[in-house]
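The next block holds one structure in the form of structure tokens; read it before the comments.
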């Protein structure tokens, strides 16, 4: 199994509607992907100078499934249509478990 973790910090000028659309897009993309075994998406409830605004944790059967997910038209469309508009910076890591 492979776990993909993405921490996102949003742009200061991102609107509530844009953030809602971003959350919906992430959720729909993960739910529709044949490669995502399970996922959670949540807003940060803490605060601090090194904190991010949101976290996605998505599990995949293997590295090949993860790579297929990242290369998919759905993921590319998500980046172009949503992520580029609201995400200021992100941190990501993949690990086997």
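Please treat every number below as a calculation from the coordinates, not as lab data. What you are looking at is a predicted structure, and each value in this text was computed from that prediction instead of being measured. All Cβ positions, even for glycine, are placed from backbone atoms using ideal geometry, and neighbour counts span all protein chains on display.
Assorted remarks:
- Members of the range 57-97 that are within 19 Å of residue 14 (Cα to Cα) and assigned to a strand (DSSP E or B): 87, 88, 89, 90, 91
- Residue, nearest to residue 68 (Cα to Cα), within the range 1-46, restricted to residues that are in contact with a strand residue (DSSP E or B) (Cβ under 9 Å, 6 or more places away or on another chain), touching a residue at least 40 places away in the same chain (Cβ under 8 Å) and assigned to a helix (DSSP H, G or I): 29
- Among (1) surrounded by 11 or more Cβ atoms within 10 Å (Cβ to Cβ); (2) more than 21 Å from residue 21 (Cβ to Cβ); (3) out of contact with any helix residue (DSSP H, G or I) (no Cβ under 7 Å at 6 or more places or on another chain) - the single one residue 76 does not satisfy: (2)
- Residues of the range 56-66 classified as free of Cβ contacts under 8 Å to residues at least 12 places away in the same chain and surrounded by 14 or more Cβ atoms within 10 Å (Cβ to Cβ), total: 0
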